[in-house]
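Computed from the coordinates by the stated procedures, all read-outs in this text should not be read as laboratory data. Predicted model, so just to flag it, every value in this text is computed and none were measured. With ideal geometry, Cβ positions are generated from the backbone for all residues, glycine too; neighbour counts draw on all protein chains shown.
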Amino acid sequence: MDEHDYGRICSIKAYCEDALDLMNRFGRSIDDFTDKKEYYYSISMIIYQIGELSGGLSDEFKEETKNEIPWTLIRGMRNRFAHTYDRMNKADIWDTMVQDVPVLYEFCEKMTKKQESARP
């Protein structure tokens with residue numbers, strides 16, 4: 001992983017941490033998510049930002065890690081937010097939050113530790 005990709009992975013990891021913190025603060029049910037606009041808007045923006053950052057990862061990095069992380073789907077979610085936000089299904093966003101964000105966080109944690117341990 002080059003320094004550019006490392007920086008983006010660190011940023012994605014930070015957004016994942018923010019999303020998980022919001023989940024702890026606002027609640028872990030879809031009802032909490034759909035009933036609290038600030039929760040919904042915050043998670044939506046985080047997922048959008050993760051998709052935006054993923055689009056800037058190098059093709060080499062995405063190719064090397066595509067079996068672990070579905071970068072194309074992450075970017076696709078960003079595109080859905082950007083172009084059809086008013087028609088987004090809250091349940092789909094919630095599913096992304098509870099199923100995919102923790103997996104992405106663990107991946108980023110692993111990648112950052114690997115990069116940091118390789119430094120002199």
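Please work out which one of (1) buried (at least 16 other Cβ atoms within 10 Å of the Cβ); (2) within 15 Å of Gln99 (Cα to Cα); (3) of a type outside the set (Asp, Glu) is the condition Gln49 fails and give its number.
(2)
So that you can scan it fast, the table gives a plain yes or no per residue for (1) free of Cβ contacts under 8 Å to residues at least 24 places away in the same chain; (2) outside any helix (DSSP H, G or I); (3) hydrophobic (A, V, I, L, M, F, W, C):
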position: Tyr41; (1), (2), (3): yes, no, no
position: Ser44; (1), (2), (3): no, no, no
position: Leu57; (1), (2), (3): no, yes, yes
position: Glu68; (1), (2), (3): no, yes, no
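For Thr84, which of the numbered conditions (1) within 14 Å of Asp5 (Cβ to Cβ); (2) part of a helix (DSSP H, G or I); (3) not acidic (Asp, Glu) fails to hold?
With (1) within 14 Å of Asp5 (Cβ to Cβ); (2) part of a helix (DSSP H, G or I); (3) not acidic (Asp, Glu) applied to Thr84, the lone miss is (1).
So in segment 76-120, with the set limited to residues that are over 16 Å from the mean Cα position of the chain (by Cα) and among the polar types (S, T, N, Q), which one is surrounded by the most Cβ atoms within 10 Å (Cβ to Cβ)?
Filtering first and then ranking leaves Gln115.
Pick from segment 1-27 the residues that are without any contact (Cβ under 8 Å) to a residue 60 or more places away in the chain and either basic (Lys, Arg) or outside any helix (DSSP H, G or I) (or both): which of them is farthest from Gln99 (Cα to Cα)?
Asp2
Check whether at least one residue in segment 52-67 is charged (D, E, K, R), more than 30 Å from Ser117 (Cβ to Cβ) and surrounded by fewer than 18 Cβ atoms within 10 Å (Cβ to Cβ), and report yes or no.
no
Across segment 1-41, what is the number of residues that are over 30 Å from Glu60 (Cβ atoms) and among the hydrophobic types (A, V, I, L, M, F, W, C)?
Looking only at that region, the number is 5.
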